[in-house]
Amino acid sequence: MKATHSSQSLTPHPNFAIVESRIRLPATELVFGDIVTITLGSKVPADLRLVEVSSDLRFDRSILTGESNAIPGTVECTDPNFMESRNIALQGTLCTSGSGIGVCVGLGDGTVFGRIAKQATSERPARTTLEVEILRFVIIIASLAVGVAILIVILWASWLRRYHPGFITVPVLLVDCVSVAVAFIPEGLPVCVTLSLTVIAGAMRKSNILCKSLSTVESLGAVSVIASDKTGTLTQNRMTAVNIAIGQTPYSVAEAREIAVKGGQEGESIKALAAIAGLCNDASFEISDIDEPAELRKVNGDATDTGLLRFSESVAPVAAVRAPWREVGKIAFNSKNKFAVKLFSRAEGASATPLPVFSSDNFHESDFLLLVKGVCYCSLSCVAPLTHATGS
């Protein structure tokens, strides 16, 4: 019930459709083909095909896709995938800037949000492994009980009734059959299963794993690795850099800090990597708690950028790394490209070779610095040379 109320809080607040007569309609009364206006701060009441947009129209789709960056709205179709195309405003998303007009193409359960909610509230299509095993055990026990009862009736009819007619009467036979059936019932099975799952749930609770039902305990106990997204669905949405690699040489973050302090060619390579993590990053520290340690300071940005920013700050101050550079342009990270790009030029008065540039790079004042951050198989396919730990 609580989950249902939470889902209802995400449904659109009363929004209004605009037609030729400028009629204002509640979102619940919209029909296909209605023309709806979207303005700053309004929640999209239905899946809309955008027909008119302002240049600064943006939608926050984090509720559906987990993307922290606002997605611009366009009139042209940008992707054959309905969810990826920017000319579609999805129900439940928030307009963060600009304005636009769209035509209703999806309503209620027919929207992307509605289909997700419908699947979340639907009944489970299959039994869990524990339920299957218990059902199998019960069928075996019931078959044995019925088989033994049938065997007793056959022996009574073919032997005892013929040669010892008064030994077991029909009423006594019925009582015997019922007694055999009851004797096969494992009365302790429900108690044993419940207690076992309760003990396991207690052990999992000590590891900060909370289960809503006992059947979930059995399912989690049958796996060794759980793969989840990084948007906080199963976690606290806090990411931390643990290991880094320069070329083919891996380091832990603690080792990298020590090497960076010692200096040398390896230390300079690690400082350059930390500088890239701080430059190609949209997150920023709160100015109010500048005296706090990097791991305790509040960060404005998504979880990935936050983890990279804290790593960069632990090696070298991010403010000092960003000062010599001026951002010229960027491509924000999205689920299709799986990488982010930033283009920098050297700021006026900057040193000749500010990090992450090496003196051997022959970097001139008129040159630009292009930094890429993203998924390995997408980023590495665009690169030819790699920097090794030795700087070569």
Report summary line: Residues of the stretch 364-392 being at pLDDT below 70 and β-branched (Val, Ile, Thr), in sequence order, are VAL383, THR387, THR390
Report task. Determine which member of the set ILE152, ILE209, ILE168, ILE134 is at pLDDT below 80, surrounded by 13 or more Cβ atoms within 10 Å (Cβ to Cβ) and among the β-branched types (Val, Ile, Thr). Result -> ILE209
Report task. Could you check, for the stretch 274-285, whether at least one of its residues is aromatic (Phe, Trp, Tyr) and either out of contact with any Ser or Thr (no Cβ under 9 Å at 6 or more places or on another chain) or in the same structural domain as ALA70 (by TED's automatic domain parsing) (or both)? Result -> yes
Report task. Looking only at the stretch 94-106, decide whether some residue is assigned to a loop (DSSP other than H, G, I, E, B) and either aliphatic (A, V, I, L, M) or within 23 Å of the chain's Cα centre (by Cα) (or both). Result -> no
Report summary line: Scanning the stretch 275-313 residue by residue, those in a helix (DSSP H, G or I) and β-branched (Val, Ile, Thr) turn out to be ILE276, THR304, THR306
Query - Within the stretch 215-266, tally of residues that are surrounded by 15 or more Cβ atoms within 10 Å (Cβ to Cβ) and at pLDDT 85 or above - result: 10
Requested in this report: Quick one: count up the residues across the stretch 270-303 that are at pLDDT below 90, surrounded by 20 or more Cβ atoms within 10 Å (Cβ to Cβ) and of a type in the set (S, T, N, Q).
Outcome: 0
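The values are calculated or read from the model by the stated rules, or taken from the named source; none is laboratory data. Keep in mind that what you see is a predicted model, and the values were worked out from it rather than measured. Every residue, glycine among them, receives a Cβ derived from its backbone with ideal geometry; neighbour counts consider all protein chains shown.
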